[in-house]
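*Asks:* The structure under discussion is supplied below as structure tokens; questions concerning it will follow.
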Amino acid sequence: MKRYVLETRDLSFDYGRGARAARVLSNVSLGIEGGSIVGLLGPNGSGKTTLLRLMSGVLTPSSGRVMLDNHLLTKMPRRDLARRVAVVPQETRATFDFTVLEMVLMGRYPHLGPFELEGAADMEIARAALEATGTAGLEGRQFATLSGGEKQRVVIAGALAQASDMLLLDEPTTALDLRYQFEVLAVLKNLNASRGTTVVISTHDLNLVAALCQQVVLLKDGSVLAQGPTADTLNADNIRALYDVDADVRFHERAGHLTVVPLARH
Amino acid sequence: MPGTEYSLARGTSTVRSRLAWTLAGFGILALGACLLAPLAGGTSISLRNVFDRAQPYATNIDAQIFFIARLPRVIAAALVGSALALSGVVFQALLRNPLASPDTLGVSAGASLGAMLAITFNADVSIGGLSTVPLASFTGSLGALAIVYGLSVIRRGGTSTMVLLLGGVTLTALLSAVMGFVQFVADFTQTFRNVRWMMGSLDVASYAPIVAALVPMAFACAGFATLPRVLDLISVGAESAAARGVDVARTERVALISASLATGAAVSLAGPVAFIGIIVPHLVRLIVGADHRLVLPASALFGATLLIACDVVARTIMAPLELPVGIVTALVGAPVFLWLLFRRA
Amino acid sequence: MKKLLLLLSLAALLLTTRAVPSAQRGPVAPPPGRIVSLVPATTEMLYAMGAGSRVVGVGTYDRYPPEVDKLPRLGGLLDPNIEQLIAIRPDLVIVYDTQTELRRQLERAGIPMWGYSTKGLSDVTATIKSLGDRIGMAAQANAAATGIDARLQAVRTRVAKLPRPKTLLIFGREPGSLRGMNASGGYGFLHDLVELAGGVDVLGDIKQAAVSMSSEMVLARAPDVIIELHYGEAWPPAKIESERRVWSALPSVPAVRNGRVTLLTGDEFVVPGPRVPLAAERLAAVLHPESSR
């Protein structure tokens with residue numbers, strides 16, 4: 001019996017109420033193993049962002065449950081949850097001119113008392129997080145002046161500063177160009193390898209999943225199409241079912257992982 | 001874009017040391033303003049006379065000018081200035097909009113409408129030491145708060161700040177239209193009184209209205225005290241904040257109510273005073289950075305200082321006549337605001 | 001040569017003589033029999049000179065004499081009702097000098113008008129005489145003016161030798177507090193009345209009709225007498241008392257210390273018209289209580 005660090009059972013979610021309710025997720029049951037990198041893959045509107053938000057506790061399920069370490073997520077105190085699960089949103093816009101260090105220090109919030117100020121230990125953790133994401137040199141810079149890739153890595157550092165075991169990322173590379181995609185990929189791989197962080201990524205980038213994720217959950221129209229190890233699950237049939245596109249999936253020697261090449265509309 | 005370095009030792013110093021420096025610096029400024037302001041005015045008085053115990057108070061003009069005319073004014077200016085500045089900071093964070101101000105959500109307009117209705121319909125109610133117009137004004141602000149609060153609660157989930165912002169702007173427009181109508185039906189004297197009230201005045205001449213305003217301010221400050229760190233988190237994103245353990249809905253409620261109470265107290269004490277609520281947060285952020293644990297207390301102190309200074313100018317620049325303080329804050333505030341806008345662009 | 005000079009001087013004369021607008025020349029046509037007065041002061045003047053029967057319409061704020069209550073009200077300074085004005089078929093409309101829009105409209109409608117403006121106390125009698133000329137009742141107007149001057153002079157003489165208290169005349173503030181005080185400054189008919197009634201205007205150096213007062217100014221100028229003017233219905237005694245007590249917030253002011261804060265109600269303080277002698281007498285009674293028998 002595999003031990004799942006995060007598990008959903010018959011999870012459903014509706015947006016809106018009553019007659020205008022739209023079912024976004026239906027009966028999603030999946031399990032995330034500790035220390036794995038899992039991709040939630042699906043086209044736009046498949047419900048993967050909603051699923052991620054349910055997994056982070058921001059949304060409450062319409063039916064079904066989300067369990068974290070066998071505890072019901074909705075019953076967990078917010079601070080406890082924040083200490084175990086950190087979220088990296090797709091885009092972060094700071095209304096005010098915070099520095100990089102200030103942005104990262106905000107990740108320490110779940111560990112501090114209501115009027116407690118960050119101490120030396122918190123500063124160390126924050127700086128270590130910046131190191132881990134390769135952004136240590138940006139410490140005094142204003143967050144708003146950074147490039148897209150730098151911003152994303154700083155936000156990841158902020159999530160790292162939360163010192164949680166699990167990291168949920170929503171479309172982490174969608175807004176980034178190739179170079180920064182590589183940077184973020186490398187950071188996540190490193191985290192997983194060195195700290196054993198469980199990483200869950202919601203994305204529609206097939207090659208990102210192929211390069212990074214050990215497990216993948218395919219979502220279509222709010223339901224799970226297939227889930228399992230990437231090598232088995234990310235195949236031409238499933239891709240056709242998911243995207244209506246014929247694709248060639250093969251192992252790339254030099255890259256060291258699967259690659260997906262879309263060929264034609266089905 | 002603004003530079004990467006700021007004064008007051010940012011970046012590597014801890015929040016604790018920066019907080020200490022901030023409070024010390026702004027505190028000294030505010031204290032200085034409080035001590036010097038009562039000495040300034042259209043009439044020259046002698047401090048020796050003011051504190052001369054030998055003269056009976058009942059005939060000591062200098063002492064009475066100091067303790068009745070000037071000191072309450074300075075205290076009222078400090079109270080109103082800090083209330084408006086604090087509300088400005090909180091509204092800007094709550095609405096995630098650096099252009100927000102205490103006027104944005106209509107609380108200020110509600111207070112003005114309350115005052116206008118009391119003036120135009122010659123209402124005559126007084127409770128305790130408070131006369132009709134301030135009472136009606138505060139009631140108006142509570143009414144506006146109730147409407148805005150109701151709006152924010154009706155819509156569950158989704159972007160509540162958008163609803164809040166649009167609702168507040170619409171409410172302000174609606175209340176302004178009603179005020180226009182009230183002006184229309186008012187007679188000559190009432191219109192004159194309305195216009196005077198709208199220009200703002202700190203000439204309270206007694207301590208009773210100040211004590212009365214302290215009551216809602218105390219509640220507001222109790223709310224403000226819980227907000228600094230969570231405002232930082234929320235201003236980066238409501239969902240990020242929630243994912244970090246912030247009770248976003250509750251925080252927004254506390255922020256809305258506290259800032260509205262403070263605004264209501266300020267406007268009913270002194271009338272609508274322009275620009276303090278919107279420029280003080282920006283000026284303070286230029287000096288101490290964006291961390292609300294610094295910005296909130298610093299804004300309170302700087303708002304007090306600024307309004308005290310504006311009131312001194314209002315009292316002395318056309319001596320023996322006195323300008324309404326709202327005119328001075330507008331003449332000072334508008335160019336500063338434009339400058340801030342150009343800096344950002 | 002002489003003829004040329006004559007022609008030149010004739011031309012010069014003609015060129016420099018401006019045509020006087022018909023509205024301001026003396027009566028050419030029969031004296032106006034349907035007069036509308038939008039200005040309370042001129043309404044009272046018309047009745048005072050015996051032309052009351054000719055008044056067919058008044059302004060919103062006209063209250064004296066009581067006969068005007070039966071007349072149609074046609075607006076005031078800010079909101080004249082032009083349609084009703086024309087419908088009433090007046091042959092003279094008395095308007096404020098500053099009502100330029102109304103004057104334009106009346107000109108278009110071909111209705112004669114008379115512009116009213118005032119600066120100080122002496123303008124009251126000057127206006128009465130001028131108006132009397134305009135409506136063809138010069139004798140009666142002059143008589144009324146003489147009567148007013150006589151009564152004013154009587155007050156002046158009575159208080160001439162008496163000490164002159166420093167006087168502050170307040171014509172508005174927020175009820176229940178000392179906020180929003182408006183006082184009469186060193187200009188205008190109220191100021192002139194105070195000086196005539198034997199007082200020294202503490203704001204005499206500020207040449208404005210209305211001054212926004214602050215509590216510091218009151219304390220600094222230390223008036224011996226404070227007179228508050230109140231319009232509208234008279235207040236019940238309890239209210240008068242409570243409003244007077246508001247001044248106890250400024251105990252060093254001689255007027256407050258000596259209980260010389262008085263509330264006066266009456267239109268004669270608002271309307272610079274034939275009742276100014278009454279205003280002067282009432283002011284003198286407050287300023288010099290011992291002298292008024």
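*Asks:* Past the 30 Å Cα-Cα mark, which pairs from C:Lys70/C:Lys207; A:Lys48/A:Lys151; C:Lys166/C:Lys239; C:Lys161/C:Lys239? It would help to have the intermediate numbers written out before the result.
*Replies:* Numbers: C:Lys70/C:Lys207 39 Å; A:Lys48/A:Lys151 23 Å; C:Lys166/C:Lys239 26 Å; C:Lys161/C:Lys239 36 Å.
Violating the 30 Å limit, Cα to Cα: C:Lys70/C:Lys207; C:Lys161/C:Lys239.
*Asks:* Give me the one-decimal nm value for the distance between modelled label points at A:Arg3 and C:Glu101, 7 Å along each residue's Cα-to-Cβ direction.
*Replies:* 8.4
*Asks:* Quick check on the range C:162-291: of the DSSP beta bridges with both residues there, what percent are antiparallel, nearest 5%? Could the numbers behind the result be given before it?
*Replies:* Details: 6 of 17 bridges.
Antiparallel: roughly 35 percent of the beta bridges in the range C:162-291.
*Asks:* Could you list C:Ile227, C:Ile135 in order of exposure, starting from the residue whose Cβ has the fewest other Cβ atoms within 10 Å? It would help to have the intermediate numbers written out before the result.
*Replies:* Working: C:Ile227 27, C:Ile135 22.
Listing C:Ile227, C:Ile135 from fewest to most nearby Cβ atoms yields C:Ile135, C:Ile227.
*Asks:* So what is the 222 nm mean residue ellipticity for the protein assembly as shown from helices alone, if each DSSP H run of at least 4 adds -39500 (n - 2.57) and you divide by all residues, rounding to the nearest 500 deg cm²/dmol? Don't skip to the end; give the middle numbers.
*Replies:* Numbers: 35 runs with 442 residues, N = 904.
Only helices count here, giving -15500 deg cm²/dmol.
*Asks:* Rounded to the nearest 20 debye, what is the charge dipole size of the range A:4-265 about its Cα centre when +1 sits on each Lys and Arg Cβ and -1 on each Asp and Glu Cβ?
*Replies:* Around 540 debye, computed over the range A:4-265.
*Asks:* Explain nothing, just the number: relative contact order of chain A, from Cα pairs under 8 Å at least 6 residues apart, as a whole percent.
*Replies:* Details: 522 pairs, mean separation 62.4, N = 266.
Normalised by residue count, the contact order of chain A is 23 percent.
*Asks:* Between C:Ser117 and C:Glu241, take the C-beta separation as r, use R0 = 45 Å, and let me know the FRET efficiency to the nearest 0.05. Write out the running numbers ahead of the final one.
*Replies:* Numbers: r = 39 Å, r/R0 = 0.87.
So, using R0 = 45 Å, E works out to roughly 0.70.
*Asks:* Using only the Cα atoms, what convex hull volume per residue in Å³ does the range C:32-117 have? Please report the intermediate quantities before stating the final value.
*Replies:* Numbers: hull volume 6.7 nm³, N = 86.
Taking the convex hull of the Cα positions in the range C:32-117, it is 78 Å³ per residue.
*Asks:* Right, another one. Near C:Lys129, which aspartates and glutamates are there with a Cα under 17 Å away, not counting those fewer than 8 places off in the same chain?
*Replies:* Cα-Cα hits under 17 Å: C:Glu44, C:Asp149.
*Asks:* Among bridges DSSP assigns within the protein assembly as shown, what percent are antiparallel (round to 5)? Each step should come with its number before you reach the end.
*Replies:* Details: 37 of 77 bridges.
Within the protein assembly as shown, antiparallel bridges account for around 50 percent of the total.
*Asks:* Tilt of helix A:178-195 relative to the longest C-alpha principal axis of chain A, in degrees (0 to 90, nearest 10)?
*Replies:* 80
*Asks:* Using a Förster radius of 60 Å, what is the FRET efficiency between C:Asp149 and A:Arg78 based on their Cβ-Cβ separation? Nearest 0.05, please. Before the final figure, lay out each step's value.
*Replies:* On the way: r = 86 Å, r/R0 = 1.44.
Efficiency at R0 = 60 Å is approximately 0.10.
*Asks:* Taking the dipole about the Cα centre of the range C:162-291, with the C-beta of Lys and Arg at +1 and of Asp and Glu at -1, give me whichever of C:Thr167, C:Phe189, C:Val218 is farthest to the positive side.
*Replies:* C:Val218
*Asks:* While we're here: Under the classification rounded if a/c is under 1.5, otherwise prolate if a/b is larger than b/c and oblate if not, where does chain C fall, given a ≥ b ≥ c as square roots of the Cα gyration tensor eigenvalues?
*Replies:* On the way: a/c = 2.20, a/b = 1.76, b/c = 1.25.
Cα axes put chain C in the prolate bin.
*Asks:* Mind sorting B:His282, A:His71 by how few other Cβ atoms lie within 10 Å of their own Cβ, fewest first?
*Replies:* A:His71, B:His282
*Asks:* Another question, then. When the dipole is taken about the Cα centre of the protein assembly as shown, and only Lys, Arg (+1) and Asp, Glu (-1) are charged at their Cβ, what size is it in debye, to the nearest 20?
*Replies:* Computed about the Cα centre, the dipole is about 1200 debye.
*Asks:* What helices does chain C hold that run 27 Å or longer along their axis, going by alpha-carbon atoms, with a Kyte-Doolittle average of -0.5 or more, using DSSP H for the helix calls? Mind showing how you got there, number by number?
*Replies:* Details: long enough: C:138-159 (32 Å, 0.08).
Within chain C the helices that satisfy the rule are C:138-159.
*Asks:* So for the range A:46-189, what are the equivalent ellipsoid semi-axes in whole Å, largest first, each being the square root of 5 times an eigenvalue of the Cα gyration tensor? All intermediate terms of the calculation are to be shown ahead of the outcome.
*Replies:* On the way: eigenvalues 129, 81, 32 Å².
Equivalent ellipsoid semi-axes, largest first: 25, 20, 13 Å.
*Asks:* A:Ala186 to B:Ile28: FRET efficiency via 1/(1 + (r/R0)^6), r the Cβ-Cβ distance, R0 41 Å, to the nearest 0.05?
*Replies:* On the way: r = 50 Å, r/R0 = 1.22.
Step by step, r from the Cβ atoms, then E = 0.25.
*Asks:* Select from B:Phe66, B:Val153, B:Thr191 the residue farthest towards the positive end of the dipole of the range B:15-344; place +1 on Cβ of Lys and Arg, -1 on Cβ of Asp and Glu, and compute about the Cα centre.
*Replies:* Among B:Phe66, B:Val153, B:Thr191, the one farthest towards the positive end of the dipole of the range B:15-344 is B:Val153.
*Asks:* Using Cα-Cα distances under 8 Å and only pairs 6 or more residues apart, what relative contact order does the range C:162-291 have, in percent? Write down the numbers at each step before the final one.
*Replies:* Working: 223 pairs, mean separation 36.0, N = 130.
28 percent.
*Asks:* Kindly provide log₁₀ I(q)/I(0) values, in the same order as q = 0.17, 0.20, 0.21, 0.25 Å⁻¹, from the Debye equation applied to equal alpha-carbon scatterers of the range B:86-168.
*Replies:* -0.72, -0.87, -0.91, -1.10
*Asks:* With all pairs of different alpha carbon atoms counted, what Kirkwood hydrodynamic radius in Å does chain A show?
*Replies:* Details: mean 1/r = 0.0520 Å⁻¹.
By the Kirkwood definition, the hydrodynamic radius is 19.2 Å.
*Asks:* May I pose another question? What is chain C's relative contact order, in percent, from Cα pairs under 8 angstrom and six or more apart in sequence? Don't skip to the answer; put the middle values down first.
*Replies:* On the way: 469 pairs, mean separation 45.3, N = 293.
Contact order relative to length: 15 percent.
*Asks:* If a helix is a whole DSSP H run, which ones in chain B reach 30 Å or further along their own axis (Cα) and hold a mean Kyte-Doolittle hydropathy of at least 1.0? Spell out each step's value before the answer.
*Replies:* Working: long enough: B:15-36 (31 Å, 1.43); B:71-94 (34 Å, 1.75); B:132-154 (33 Å, 1.61); B:160-185 (37 Å, 1.86); B:248-270 (33 Å, 1.06); B:292-316 (36 Å, 1.22).
Those that pass (Cα extent of 30 Å or more, hydropathy at least 1.0) are B:15-36, B:71-94, B:132-154, B:160-185, B:248-270, B:292-316.
*Asks:* Might you report the magnitude of the Cβ-based charge dipole of the range C:32-117 about its Cα centre, with Lys and Arg at +1 and Asp and Glu at -1, to the nearest 20 debye?
*Replies:* Charge dipole of the range C:32-117: 200 debye, to the nearest 20.
*Asks:* Which far-off residues, 5 or more places away or on another chain, put their amide H under 5 Å from the one on C:Asp201, with H placed in the peptide plane?
*Replies:* Residues meeting the criterion, in which the H sits 1.01 Å from N, are C:Thr167.
*Asks:* Here's another thing I want to ask about it. Provide the three semi-axes, in whole Å and in decreasing order, of the ellipsoid equivalent to the range C:162-291 as defined by the square roots of 5 times the Cα gyration tensor eigenvalues.
*Replies:* 20, 17, 15
*Asks:* Provide the descending list of Cα extents for the range B:134-240 along its principal axes, expressed in whole angstroms.
*Replies:* Sorted from largest, the Cα extents of the range B:134-240 read 54, 34, 20 Å.
*Asks:* May I have the extent of the alpha carbons of chain B along their three principal axes, as whole Å values ordered from largest to smallest?
*Replies:* Cα extents, longest axis first: 65, 52, 37 Å.
*Asks:* Above 22 Å lies some portion of the pair distances; for the range B:183-265, what is it as a whole percent of all C-alpha pairs? Each step should come with its number before you reach the end.
*Replies:* Working: 1730 of 3403 pairs.
For the range B:183-265, the fraction of Cα-Cα distances above 22 Å is 51 percent.
*Asks:* Put one equal scatterer on each alpha carbon of the range B:268-336, apply the Debye formula with no solvent term, and list log10 I(q)/I(0) at q = 0.14, 0.26 1/Å to two decimals.
*Replies:* Treating every Cα as an identical point scatterer, log10 I(q)/I(0) equals -0.45, -1.12.
*Asks:* Cα-based Rg of the range C:49-194 per 2.2 N^0.38 Å, rounded to two decimals? Could you put the intermediate results ahead of the total?
*Replies:* Details: Rg = 18.6 Å, N = 146, 2.2 N^0.38 = 14.6 Å.
Compactness ratio reported: 1.27.
*Asks:* Write down, largest first, the equivalent ellipsoid semi-axes of the protein assembly as shown in whole Å, where each equals the square root of 5 times an eigenvalue of the alpha-carbon gyration tensor. Write out the running numbers ahead of the final one.
*Replies:* Numbers: eigenvalues 1141, 220, 115 Å².
Over the Cα atoms of the protein assembly as shown, the ellipsoid semi-axes are 76, 33, 24 Å.
*Asks:* Rank these for me by crowding, C:Glu281, C:Glu83, going from fewest to most other beta carbons within 10 Å. Write out the running numbers ahead of the final one.
*Replies:* On the way: C:Glu281 18, C:Glu83 10.
Going from least to most buried by this count: C:Glu83, C:Glu281.
*Asks:* Points 7 angstrom from Cα along the Cβ direction at C:Arg257 and C:Val200: gap in nanometres?
*Replies:* For C:Arg257 paired with C:Val200, the spin-label model returns 1.6 nm.
*Asks:* Once both labels are modelled 7 Å past Cα along the beta-carbon direction, what's the B:Arg16-B:Val185 spacing in nm?
*Replies:* Distance between label points: 6.2 nm.
Read-outs throughout are calculated quantities, based only on the coordinates presented, and are distinct from any laboratory measurement. Please read these numbers as outputs of a predicted model, since none were measured by experiment. Because the Cβ atoms are built from the backbone with ideal geometry, glycine has one as well, and the counts that use them run over all protein chains shown.
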